Amino acid sequence: MDGVCLVISPLLALMEDQVDNLRHKNIKAVALNQAISTDETIVLFDNIQNNNIKFLYLSPEKFESALIQEKIKQLNINLIAIDEAHCVSEWGHDFRPSYLKLNKLTELIPSTPIISLTATATPKVLDDIILQLAIEAPKIFKTSFERKNLAYQFFEVEDKIFKIKQILTKIVAPTIIYVSTRNETKKIADLLSTQGFKTTYYHGGLNHQAKKEAYENWYTEKTPIIIATNAFGMGIDKPNIRVVIHMNIPNSIENYIQEAGRAGRDGKKAFAVTLLNKQDTAAFAKKIEEHSVEIGFIKNIYFSLNQFYQIPLGETPLDEFSFDINAFCSKYGYPYNKTYQALKTLSTQSIVSFSEGKQTKSTISFTTSSNRVLDYADEHPNLSKLVTHILRSYGGLFDTQGTINEYNIAKSLKTDVASIINGLIRLETDEILKYNRANNHAKIRFLVPREDNKTINRIAKNIESLEKNKAFKASAMIELIENSQKCRNKQLLTYFGENKKDTCGICDSCLEKKGILTKRNPTIQEQIITIVSKTKEISSRQLVLQLNEHHEKEVLTAIEALLEQNKIKTTPYNNYQIIK
């Protein structure tokens, strides 16, 4: 076909990956994924017209630009492709308000066909996509969500790392391990690396080069195991992934099915494993509660924002303001997570524009010995409280960097933030610790006149619906986890509107009913018995080293218990043997 295919895509990394793939196929493609001037924009669109460019990639936010819309009108667009179309719907799991403006495409280029694509739409989301994009009489092409080669398995275990090592030893193949925090990615990658597994890690806080290197090392299987947050997401298309492991509960079934579904795309047997312990469900429920926002709280945040920037009633300031969420929370005594969610909600509802930019948290790590730190505290009474607080509140800083919050420290020590920052700078100058202060490039712009309660009352129903939907998604995820009697595959298909009579035969529920699968993880004592039985004799030090995912005290306590139970015995050389 003559002309250009316009692709609306939500992620810069996804655009870059697809453009690279097209270029390798000798197909000309460009992505408008950076901030460029008006002149540069004009030159880029001239290049598209004059050089037979076949694909133009845009984010929905870029499409909002009047200049870009005008330049699109001048192109010969032969097809519009809206990727990850569930982002259009408020009922989708990755809602992006800018997607709601895409219905303007039918006004700009009315005769051009539109294709919308998603892998995770419930019937309700599908209806909403059609409505929001103003697509008349659409043709719907829908395949089943069933993945016959993918085994969904949920294990309740005491020791997640031990179970992961079991899986990785048994299945030597490309693997993704999903965790919930950035710190965990590196921590677990390092731990598995010491056990001989080739690992790398990935999270949203890495710079572009580090992300690219981690992805390429994993994709080429130089390091076939990657530990990642869900920032390692859309567009990952490696066909031979054999295992996807979740160490924490995903936020929704949509998130779960998208992440788990990266395994086994070559059609061969693959596993989606979720590891759980008794505290996980309660922690998940607490996280959902912390991230939920009530209308009253949003009203308070909106009122405080206007006070923070001294906005008069009835006015809409033209300026864009720099915004430090920690300073804001500290001043008004708001919890960070709820405040962040309230700001995102105000942005979604077009009350303010909240641009996060590239934000990082402050980190510290000690650069000298613990004895030297304690001596320093004694020698500098004015910094003694700060040093003592850090030692008590933040663990592991002699081995690795840890994130800190200067505002919380100031609150605990009943002082001002400036004093804490100055104290940390002094400690760095005196070579006691390394202090990397947070970068904050967030911006706030007010989009409507200040009317306090009236402003929020107009959007209250929308917010309540969104919160209700989040609660529903969380409860559906909990139901999937807790209902171990019903085939996992059937549960997932039901959620997406499909009725399946037959069980899959390969999920944990089906295998347990067949008597094939034991889902319990070995206790420390059972692990010790396994190790000791494979050796002629072994020392306590060797046992501690082999069971390094446990604390030394736990291992030694288990050894004592086994001695008392007459399951093992000591040798003349103070080693241990199995009693036969």
> Counting only Cα, what are the radius of gyration and maximum Cα-Cα distance Dmax of the stretch 524-578, in Å?
Replying inline: 9.9, 29
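Take every Cα pair under 8 Å in the stretch 524-578 that's 6+ residues apart, average their separations, divide by the length, and report that relative contact order as a whole percent.
Computed value for the stretch 524-578: 46 percent relative contact order.
Take the alpha carbon atoms of the stretch 429-546, find their radius of gyration, then divide it by 2.2 N^0.38 Å using N residues; give the quotient. Can you show the working numbers first?
Numbers: Rg = 27.3 Å, N = 118, 2.2 N^0.38 = 13.5 Å.
The value comes to 2.03.
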> Which distance in Å, rounded to a whole number, links the C-alpha centroids of the stretch 506-572 and the stretch 451-483?
Replying inline: 45 Å
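What is the sum of charges, Lys and Arg at +1 and Asp and Glu at -1, for the other residues whose Cβ falls under 10 Å from the Cβ of residue 347? Can you show the working numbers first?
Values: positive: 344, 445; negative: 356.
Local charge sum for residue 347: +1.
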> So how long is each side of the stretch 253-299 along the principal axes, counting just the alpha-carbon atoms, biggest first, in Å?
Replying inline: 51, 26, 8
>> Counting each pair of different Cα atoms once, what's the Kirkwood radius of the chain in Å, rounded to one decimal?
In response: 27.5 Å
> Expressed as a whole number of Å, what is the distance separating the alpha-carbon centroids of the stretch 266-337 and the stretch 10-56?
Replying inline: 34 Å
> Among rounded, prolate and oblate, which fits the stretch 231-378 when a ≥ b ≥ c are the square roots of the eigenvalues of its C-alpha gyration tensor, a/c under 1.5 means rounded, and a/b larger than b/c means prolate?
Replying inline: oblate
> About the Cα centre of the stretch 362-436, what is the dipole size in debye to 20, counting +1 per Lys and Arg Cβ and -1 per Asp and Glu Cβ, all else neutral?
Replying inline: 280 debye
> Mean residue ellipticity at 222 nm from the helices of the chain, using -39,500 (n - 2.57) per DSSP H segment of n ≥ 4 over the full residue count, to the nearest 500 deg cm²/dmol?
Replying inline: -13000 deg cm²/dmol
> Equivalent-ellipsoid semi-axes (√(5λ), Cα gyration tensor) for the stretch 4-132, whole Å, largest first?
Replying inline: 24, 16, 14
>> Using a Cα-Cα cut-off of under 19 Å, which aspartates and glutamates could be cross-linked to residue 468, ignoring same-chain neighbours fewer than 8 residues away?
In response: 90, 94, 127, 128, 254, 289, 290, 294, 479
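Across every pair of different alpha-carbon atoms, what Kirkwood hydrodynamic radius in Å does the stretch 150-264 reach?
Working: mean 1/r = 0.0706 Å⁻¹.
Hydrodynamic radius (Kirkwood, Cα only) of the stretch 150-264 equals 14.2 Å.
Throughout, read-outs are computed from the coordinates displayed, never taken from laboratory work. What you see is a predicted model, and the numbers here were worked out from it, not measured in a lab. Counting neighbours? That spans all protein chains shown, and the Cβs are built from the backbone with ideal geometry, glycine included.
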